[in-house]
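Inspection log for the structure reproduced underneath, given as structure tokens.
Read-outs: derived from the displayed coordinates by stated rules, not from any lab. Note that the structure is a prediction, hence the values are computed from the model and not measured. No Cβ is skipped: glycine too gets one built from the backbone with ideal geometry, and neighbour counts run over all protein chains shown.
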Amino acid sequence: MVGVFYRFCFVCLASVLLLSACEQSVPAVNVMETKKTCTNDTILVYNFEELAPLLQTNKEQTIVVNFWAMWCVPCVKELPYFQALADAHPELEVVLVSMDFPAEIESTLKPFLREKNINLKVVLLDDPDANTWIDKIDPNWSGAIPFTIVFNNNKRAYFEQSFESLEDLENQINQTINN
């Protein structure tokens, strides 16, 4: 019952955010056009269908995908851990999926990332059908953020929690990949 409540809250919030952003439409971008850049000069906006390929791999490389937003205090608190993880482990691919307003990329999101010294790959998910895509990512996910996926071609784990430190994050990744 609690999960249903959180999902309802998330859907309500997403609806409000979407309605607020409707005045400015953001063109969809083909996922195949993306390049791994670490400058955040370009933050691409995806619907779930376009984001889905970033959540799959046939490689041995470990990928860490974190769903977050600037308005989420626990999300912001753990962002430096993801940056430190990527800096310490260049063999990992770390992607941040922002749940913020597409209309605020230039005015708010990019300055926020610069201020926090976050130069990871950031994409923005703008898809109003949260009931569908949340279940496609993980049927056990309530929709609450922060939410992190750690995976490679053999293993996958989901974390609906915030990490307390870089060591906490590294330990969870190691347990996922090495078990």
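Which FRET efficiency value, to the nearest 0.05, do you get for ASN47 and ASN131 by plugging their Cβ-Cβ distance into 1/(1 + (r/R0)^6) with R0 = 22 Å? Walk me through the numbers on the way to the answer.
Working: r = 14 Å, r/R0 = 0.65.
For R0 = 22 Å, the calculated efficiency reads 0.95.
A crude spin-label estimate for the pair ASN178 and ASN140, with each label 7 Å from Cα along the Cβ direction, gives 2.2 nm.
Note on the range 64-171: Cα-only Rg and Dmax are 13.6, 40 Å.
Taking every pair of alpha-carbon atoms in the range 56-106, give the share separated by more than 18 Å as a whole percent. Let's see the in-between values first.
Values: 515 of 1275 pairs.
Summing the P(r) tail past 18 Å for the range 56-106 gives 40 percent.
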